[in-house]
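The values are calculated or read from the model by the stated rules, or taken from the named source; none is laboratory data. None of these values were measured; they are calculated from a predicted model. With ideal geometry, Cβ positions are generated from the backbone for all residues, glycine too; neighbour counts draw on all protein chains shown.
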Amino acid sequence: MIQDKECNSVYFAEYLQIMFPKLYEDLQCILEKYGYKPKLITATDTSLVGKQLSIWVRDYMPIQRSISNHILFDYTPDYLINVQKYCNHIPDGLKAIKEHSVGINVRKFRSGNNECAKGLNIDGGNMLRCGDYIVMTDKVFDANPTWKQDELIDALTQMFNKKVIILPWDKREFCGHTDGIVRYIGNGQILLNTYGYPEIDGTDKWFMERFYNRLVPYFGTENIKILLWEARKKPSKYRWAYINWLQLENVLIIPKFEVPEDAEALAQIESFMPDYHGKIEQVTINQEYLENGKLKNLVELGGCLNCASWTIQE
């Protein structure tokens with residue numbers, strides 16, 4: 001399985017430029033500074049809704065197992081199919097590849113070799129590459145109700161060629177993604193975000209404890225680092241997004257919101273990831289997209305830099 005640090009090419013949805021022109025310009029400037037030229041994927045659904053949904057390329061584009069092995073999965077998340085205005089506009093990774101000359105070969109994963117072979121319904125935001133493991137929330141069980149849980153884990157292990165670690169799903173976060181919870185920082189270590197506001201919310205503390213306890217048997221206490229914050233009466237609502245970063249071989253781009261947590265996040269991430277010393281950049285997540293008369297930034301629409309990028313090794 002190709003790790004995030006091994007990726008040397010980045011794709012964005014073309015419509016990201018239109019929704020967030022200043023953010024895209026800043027990202028492009030940073031990437032070009034490190035020798036990367038971002039590539040664009042055009043939305044296959046040309047409706048406004050389809051174009052807007054297309055920006056979350058991580059969720060529907062294929063998973064790269066090796067430089068020549070990309071696996072396509074079924075992508076029919078309940079948060080799209082159960083909402084009328086979205087249900088006919090689900091992004092299609094295969095169409096994006098075929099119609100817009102993305103230069104890779106893909107195959108559709110099926111478990112089994114007969115007419116009863118099943119596909120897997122996966123959301124790319126709920127699939128974190130963490131060294132020898134893949135980390136997902138147990139929303140994957142809800143997304144694949146025809147599977148027995150042990151058989152699903154076996155199929156996922158076969159698909160990823162990695163052992164799968166399952167974290168509990170906080171159903172207040174309807175997407176059930178892992179890319180705001182944990183990231184792999186190299187050398188067998190992971191960085192666990194401070195989930196929610198455990199200093200003021202007992203539910204969040206419950207999740208933090210269970211995330212940690214689920215991960216310890218695989219990584220050990222010494223290899224789990226935690227983003228910590230100075231206690232504040234009103235913590236930033238954005239702090240979950242700092243580990244939803246964009247990572248390539250030679251640069252790590254983290255979000256900036258012009259709040260005190262920006263400096264705390266940068267200092268801690270720099271200390272946890274010495275391989276990126278001098279190669280960590282911050283990009284301001286601007287209020288650019290007008291929705292119902294209100295300007296919103298990327299995070300307020302539901303994701304951040306990992307969600308809005310698709311990185312591969314070419």
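Listed here are the residues, each with its yes/no results for (1) over 21 Å from ARG214 (Cβ atoms); (2) basic (Lys, Arg); (3) without any contact (Cβ under 8 Å) to a residue 60 or more places away in the chain.
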| site | (1), (2), (3) |
| --- | --- |
| ASP123 | no, no, no |
| LYS139 | no, yes, yes |
| PRO145 | yes, no, yes |
| LYS148 | no, yes, yes |
| ILE153 | no, no, yes |
| MET159 | no, no, no |
| ILE166 | no, no, yes |
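The residues of the range 255-280 that are in contact with a Lys or Arg (Cβ under 8 Å, 6 or more places away or on another chain), among the charged types (D, E, K, R) and crowded, with 18+ Cβ neighbours inside 10 Å, listed by number, are GLU261, ASP262.
Is there a residue in the range 63-74 that is small (Gly, Ala, Ser) and modelled with pLDDT of 95 or more? Scanning the range 63-74 turns up no residue that is small (Gly, Ala, Ser) and modelled with pLDDT of 95 or more.
The criterion of at least 2 residues that are in contact with a Gly (Cβ under 9 Å, 6 or more places away or on another chain) and over 28 Å from LYS171 (Cα atoms) is met, among strands (runs of 3 or more DSSP E) falling completely within the range 1-111, by 106-108.
Considered as a group, the residues in the range 133-156 that are of a type in the set (Val, Ile, Thr) and more than 19 Å from the chain's Cα centre (by Cα) include one that is surrounded by the most Cβ atoms within 10 Å (Cβ to Cβ), and that residue is ILE153. Being modelled with pLDDT of 95 or more, more than 22 Å from the chain's Cα centre (by Cα), of a type in the set (S, T, N, Q) and more than 18 Å from TYR197 (Cα to Cα) is a description that does not apply to THR284.
Within the span defined as the range 29-37, one or more residues are closer than 14 Å to TRP310 by Cα, among the charged types (D, E, K, R), surrounded by fewer than 19 Cβ atoms within 10 Å (Cβ to Cβ) and at pLDDT 95 or above.
Does any residue of the range 179-190 turn out to be surrounded by 13 or more Cβ atoms within 10 Å (Cβ to Cβ) and more than 19 Å from ASN244 (Cβ to Cβ)? Yes; the residues of the range 179-190 include at least one that is surrounded by 13 or more Cβ atoms within 10 Å (Cβ to Cβ) and more than 19 Å from ASN244 (Cβ to Cβ). Looking across TYR238, TYR197, one residue alone is among the aromatic types (Phe, Trp, Tyr) and under 19 Å from the mean Cα position of the chain (by Cα). It is TYR238. Summed over the range 237-287, residues that are more than 20 Å from ILE181 (Cα to Cα) and among the small types (Gly, Ala, Ser) total 1. Does TYR212 qualify as being within 30 Å of PRO62 (Cβ to Cβ) and among the hydroxyl-bearing types (Ser, Thr, Tyr)? Answer is no for this residue.
Sub-7 Å Cβ pairs linking a first residue in the range 222-244 that is at negative phi to a second residue that is modelled with pLDDT of 95 or more and loosely packed, with under 14 Cβ neighbours inside 10 Å, at least 6 apart or interchain, are ILE224/VAL216, ordered by first then second residue.
Taking the range 263-284 on its own, how many of its residues are part of a helix (DSSP H, G or I) and not hydrophobic (A, V, I, L, M, F, W, C)? Quick ask: steps written out before the conclusion?
In the first step, residues of the range 263-284 are kept if they are part of a helix (DSSP H, G or I); the result is 263-272, 274-276.
When the remaining residues are screened for being not hydrophobic (A, V, I, L, M, F, W, C), the result is 264, 268, 270-271, 274-276.
Matching residues across the range 263-284 total 7.
Taken over the range 38-58, the criterion of being crowded, with 20+ Cβ neighbours inside 10 Å and either under 16 Å from the mean Cα position of the chain (by Cα) or free of Cβ contacts under 8 Å to residues at least 12 places away in the same chain (or both) is satisfied by LEU53, SER54, ILE55, TRP56, VAL57, ARG58.
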